[in-house]
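Undergrad: For reference, the structure I am asking about is given below.
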Amino acid sequence: MQSFISNVVQEEILNRKDFSSLVYILPSNRSVLFFQKELIHQLSKEVILPKIQTIENLIEEISGLQRIDQLSLIFEFYTIYKNYKKEESDSFEQFMQWASILLSDFNEIDSNLANAPEVFSYLADLTRIDNSFKLENLPSASQNYLKFVESFNFYYRSLVSALKQAKKGYAGLLYREANTKLDNYLNSNNRSYIFIGFNALNKAEESIFQKLLTVDGSKIYWDYDQFYLNSNIGDFQRSQRKWTYYNNHSFDWIGQDFNQPKQIEVLATPQDIGQIKLVGEILKKSSDKHNNYRHTAIVLADEKLLPVLLNSLPPEVKNVNITMGLNLNYVEFGNLIQIFFKLHQNNRDNYFRFKDIYQLLGHHSLSNLFDKQAVFDFQQNCLSNNKNYVSINELQKWLIERPIEEFSILFYRFSSVEDFIARIERLIELIAESTTLSLLEKEYLKRFTQIFRQLGLYQSEYKAIDGLKSLFAIFKILLKQEKISFKGEPLTGLQILGVLETRVLDFDEVIMTSLNEGILPSGKTDQSFLTFETKTHFQLPTYREKDKIFGYHFYRLLQRAKRSYLITNSSTSNFGAGEQSHFITQLEIVHESGALPNLTFDKKLITPNNSNASISLKSIAKSPELISRLEEISEKGFSPSALTSYVRNPLDFYKQKVLKLKELDELEENIAHNTFGTIVHEALYSLYLPFLGKNLTVKGLRQMLVEIPKAVQKQFLEFFSAEDFRNGQNFINYTVAVKYIEKFVLSELKEVESGCNIKILSLEEELKLNYFCGPLKKTIVLKGFVDRIDEKDKVIRIVDYKTGSVSKTDLKINDWNLLIRDEKYNKCFQVLFYAYIYKYNNDFSGEMESGIYSFKKLNSGFLKFNDSILEQSYFDEFIAQLDLLFLELFNPEFRFEEKEIKSYFT
């Protein structure tokens, strides 16, 4: 394969005799290294080498400003903010929640040479218009937000002035200054400028490039293909062809690489670990392993997979070069520091939350600091006694016999922010001294030490961090922004890159992971105070332009590759992830159209290998003691979940109900599916409780809509602290829960408005029935909690809420023998179970329905069993199957046989 860089160097050597006055500008440090190598390789005579640099270095040079790091920028901004707001100012923690977003907006405005005062004035006008159209009295929050927006211009002018005085600037400011100073720069330099491998440019870059291209001998090499010009990927190219430069120069280098033979395989496999294992299998079979994989690249669209990948590379890979930096948010040690913060944030007068202690002592980094048996005994004592909080004295009694430094660092009360920072630095030292660390782990600890030393210095200078919450807020931002850079030989071995690092580089074989919507492209995820209308009015980039930029990177990576593997995560999350990237969908459409006749396109679903043949199914005989235990359960009561667990897997029933084995509760960082369901159920209960025994009314349901966010928030706070669900996945789950319930209440409001009478008879009621099993000639207690019983237009409804997906087919049955044989019919069993108890407890002979509201499919309405009124024949069939189930359960000759075995990758 003749790479793009190789072609450029060949062209330059052919047409240049003197390189000493040239400046070659490339998009990234990695592309600079590859260009240097190729230039030296192709030169056949000694020459004075040209200057080769990145666009960032060039802009810094022209602007005369030094790039400021993000942490320094935030502290500088906070100083300006405090001077402006004085007594009314937010705490540093509150400031951090919006400052980074506003700084990003400043950066975008400057990078695109927009008139900042006009942008902010326009945004303020939009905010006023939006407020004026509100029907209710304008709330104080809206007034405050308007004042906040009106202050943007002051913040911008003050910050820019302070930075320029200090000869520093953020990226956008450097670009704006470079445009201003470009003429002076050109007058003081006698060089020609050659741009290589650029694509989408911000407005500042466009202006700078076009100005520099007017210098004699300057040139630009685009890495474009005719395929791009036939699609929206070519929007940038079509715009660039209109430059004045092309009035006298041809738009060269429109390649035909996509018409060359190439193989593309789209591989869908479940979960992130499945993707990484698949990468390993591809590498083992690669023909490039004989070349030490020097023509192969692994591109991680989701960069958090890097640690997993590094630990999963096959032994065939001898040399690895990591181009991308590893975000500290994905480093496990960062999680330990967050736990340490939470431990002290949740401290109540030297009483620590057990969940925090459990997570802290369970972290492998601290495994050598305390006696493992003592830690285990302490944890078991707290779990068995249901202790949510533990005093420091009790903790010390369990863990140590005398005061030691490790204990005081972790658990003693800190005196100041500076003291807390110093403790973390010392904790890192203790971990390094007590544990055998890999080179990678040593780099992690070193980077964290640098961060906290830097924080300590800033705190000494600015005194801005007023408490632990503020320190934690800035630490979490740093986790997302800071990266560990890897050192290595950049020109040998397997290349591991992020998407942006692939610019200008070409490989024969490409392996790309996480090609799912929401990851590549990221979608509408930009955080910004600038509205979409504001951005389009001032021609600032929106998610649409960013989508096209990543589309170009995606296709350019495939452009010269002979073989590409595009790996997607096929798993669907609770809210519908797992959709392949629309870049792949576009590629499928192109292939099916025949536009690329030499493209071989294949799509496969890769599933984990099962090794069931080598694993024997477990079987438990029913001893007299075991039968006696079943008798005890029958007196207390069988729930539908217990009986369906037997249908699903008798061995699970044996462990959970007979042996009473229970897994330790997992400490949730993000909300689990069952917790999400509990939150929705409890919120619904609290909202509908005032209507118990009453008819739903239009007025009442409208008032309920107002109360939903507060009700959901209250339930979230039962499981998480306020910080835990304000951001990230938990906030998404909170929002989804609110939307689910709103949609449900709106559907009921619509019914009531249309004339339906809905009366709430009971909520979260425990139903019990002494059921006489004829074949066994014994009474068995049936019990269970039903979410809601209501009466709708004189029809009794037994209602179960499900936050998961349920369809009509899940509540239909034709072959009644399958009711206790196939777990597919567990939902049928459950709704009939509740209806049967209600019917015979109340000697009810009227019309009755039993079914489910599926919150993922609320448009389907109430999903009724067999989509009909419950007939007596249904109950007769149910009783017959229930008797058969109990006959089998109590029969000593029927063993508890294992039905299912979990499968893993092999």
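Every read-out reported here was derived from the displayed coordinates using simple, explicitly stated rules and does not represent laboratory data. Remember, it's a predicted structure, so these values are computed and weren't measured experimentally. Methodologically, a virtual Cβ is constructed for each residue, glycine included, from the backbone with ideal geometry; neighbour enumeration extends over all protein chains shown.
Undergrad: Report the gain in length on full extension from residue 148 to residue 524: 0.36 nm times residue separation, minus Cα-Cα distance, nm rounded to one decimal.
TA: Using 0.36 nm per residue and subtracting the Cα-Cα distance, I get 133.0 nm.
Undergrad: Cα centroids of the stretch 387-427 and the stretch 1-28: how far apart, whole angstrom?
TA: Each part reduced to its Cα centre gives a spacing of 60 Å.
Undergrad: If you don't mind, there's one more thing I want to ask. What FRET efficiency, computed as 1/(1 + (r/R0)^6) with R0 = 56 Å and r the Cβ-Cβ distance, is obtained for residue 83 and residue 627, rounded to the nearest 0.05?
TA: Efficiency, rounded to the nearest 0.05: 0.10.
Undergrad: Going by a ≥ b ≥ c, the root eigenvalues of the Cα gyration tensor, does the stretch 69-166 fall in the rounded group (a/c under 1.5), the prolate group (a/b larger than b/c) or the oblate group?
TA: oblate
Undergrad: Which number comes out as Rg/Rh for the stretch 329-484 once both Rg and the Kirkwood Rh are worked out on C-alpha atoms?
TA: Ratio of gyration radius to Kirkwood radius: 0.96.
Undergrad: Report the gain in length on full extension from residue 571 to residue 485: 0.36 nm times residue separation, minus Cα-Cα distance, nm rounded to one decimal.
TA: Taking 0.36 nm per residue and subtracting the Cα distance, the gain is 27.9 nm.
Undergrad: Under a crude label model (7 Å from the Cα following the beta-carbon direction), how far is residue 413 from residue 98 in nanometres?
TA: For residue 413 paired with residue 98, the spin-label model returns 3.5 nm.
Undergrad: Could you list which residues have their amide H under 5 Å from that of residue 780, counting only those 5 or more apart in sequence or on another chain, with H placed in the peptide plane?
TA: 771, 772, 773
Undergrad: Can you compute 3J(HN,Hα) from phi for each residue in the stretch 226-235, using the Karplus curve 6.51 cos²θ - 1.76 cosθ + 1.60 with θ = phi - 60°, rounded to whole Hz and x for Gly and Pro?
TA: 4, 4, 5, 5, 8, 9, 6, 4, x, 4
Undergrad: For 87, 893, what's the fewest-to-most ordering of other Cβ within 10 Å of each Cβ?
TA: Listed from fewest to most nearby Cβ atoms, that is 87, 893.
Undergrad: How big is the gap, in Å, between the Cα center of the stretch 57-82 and the Cα center of the stretch 155-227?
TA: 17
Undergrad: What is the magnitude of the charge dipole of the chain about its Cα centre, with +1 placed on the Cβ of each Lys and Arg, -1 on the Cβ of each Asp and Glu, and no other charges, expressed in debye to the nearest 20?
TA: 640
Undergrad: I've got another one for you. Can you sort 501, 76 so the residue with the fewest Cβ neighbours within 10 Å comes first?
TA: Fewest-to-most ranking of 501, 76: 76, 501.
Undergrad: Binned at 5 Å from 0, what are the whole-percent values of the Cα-Cα distance distribution for the stretch 246-315, short to long?
TA: The percentages, shortest bin first, are 3, 11, 18, 19, 15, 10, 8, 6, 5, 4, 2, 0.
Undergrad: Let me ask you something else. Give, as a single signed number, the net charge of other residues whose beta carbon lies under 12 Å from the beta carbon of residue 101, with Lys and Arg counted +1 and Asp and Glu -1.
TA: In short, -3.
Undergrad: Still on this structure: Return the FRET efficiency for the residue pair residue 206, residue 345: r is the Cβ-Cβ distance, R0 is 45 Å, and the value is rounded to the nearest 0.05.
TA: The computed FRET efficiency comes out at 0.40.
Undergrad: Still on this structure: Taking a spot 7 Å from the Cα of residue 449 along the direction of its beta carbon, which residues of the stretch 362-401 have an amide N less than 18 Å from it?
TA: From the stretch 362-401, the list is 365-366.
Undergrad: Let me ask another. Count neighbours as other Cβ atoms within 10 Å of each site's Cβ, and list the trypsin sites (Lys or Arg not before Pro) in the stretch 1-81 that are DSSP loop with at most 16 such neighbours.
TA: Sites meeting the loop and neighbour criteria: 16, 17, 45.
Undergrad: If you count the DSSP beta bridges with both ends in the chain, what percent of them are antiparallel, to the nearest 5?
TA: Here the share of antiparallel DSSP bridges comes out near 35 percent.
Undergrad: Further question on the same structure: Using the 10 angstrom Cβ neighbour count as an exposure proxy, how do 750, 168 rank, fewest first?
TA: Going from sparsest to densest Cβ surroundings: 750, 168.
Undergrad: Can you compute 3J(HN,Hα) from phi for each residue in the stretch 144-149, using the Karplus curve 6.51 cos²θ - 1.76 cosθ + 1.60 with θ = phi - 60°, rounded to whole Hz and x for Gly and Pro?
TA: Result, ordered by residue: 5, 5, 4, 4, 4, 4 Hz.
Undergrad: If you add up the charges near residue 819, with Lys and Arg at +1 and Asp and Glu at -1, over every other residue whose beta carbon is less than 15 angstrom from its beta carbon, what do you get?
TA: Summing Lys/Arg as +1 and Asp/Glu as -1 gives -3.
Undergrad: Would you please give the FRET efficiency between residue 131 and residue 253, computed as 1/(1 + (r/R0)^6) with r the Cβ-Cβ distance and R0 = 60 Å, to the nearest 0.05?
TA: Taking R0 as 60 Å, the efficiency between residue 131 and residue 253 is 0.70.
Undergrad: State, to one decimal in nm, how far the label point of residue 772 lies from the label point of residue 641, with both points 7 Å from Cα in the Cβ direction.
TA: For the pair residue 772/residue 641, the computed spacing is 3.1 nm.
Undergrad: So what's the gap between the Cα centers of the stretch 311-371 and the stretch 240-265, to the nearest angstrom?
TA: 48
Undergrad: Right, another one. Put +1 on the Cβ of every Lys and Arg and -1 on every Asp and Glu Cβ in the stretch 329-484; which of 452, 432, 470 then has its Cα farthest towards the positive end of the dipole?
TA: Towards the positive end, the residue furthest out is 470.
Undergrad: Please state the relative contact order of the chain as a whole percent: Cα pairs under 8 Å, 6+ residues apart?
TA: 13
Undergrad: Positive end of the charge dipole of the chain (Lys, Arg +1 and Asp, Glu -1 on Cβ, about the Cα centre): tell me which of 363, 685, 352 has its Cα farthest that way.
TA: It is 363.
Undergrad: Now, a different point. With a sphere of radius 15 Å drawn around the Cβ of residue 425, what net charge do the other residues whose Cβ falls strictly inside it have (Lys, Arg +1; Asp, Glu -1)?
TA: Result for the local shell: -1.
Undergrad: While we're here: Please work out which option in (1) 22; (2) 37; (3) 28 gives percent of Cα pairs over 57 Å apart calculated from these coordinates, and answer with its label.
TA: (1)
Undergrad: Run the Debye formula on the Cα coordinates of the stretch 171-330, all scatterers equal and no solvent, and tell me log10 I(q)/I(0) at q = 0.10, 0.13 1/Å.
TA: -0.63, -0.91
Undergrad: Now, a different point. Residue-wise, which Karplus ³J(HN,Hα) couplings in Hz belong to the stretch 731-736, taking 6.51 cos²θ - 1.76 cosθ + 1.60, θ = phi - 60°, and x for glycine or proline?
TA: 5, 4, 5, 4, 4, 5
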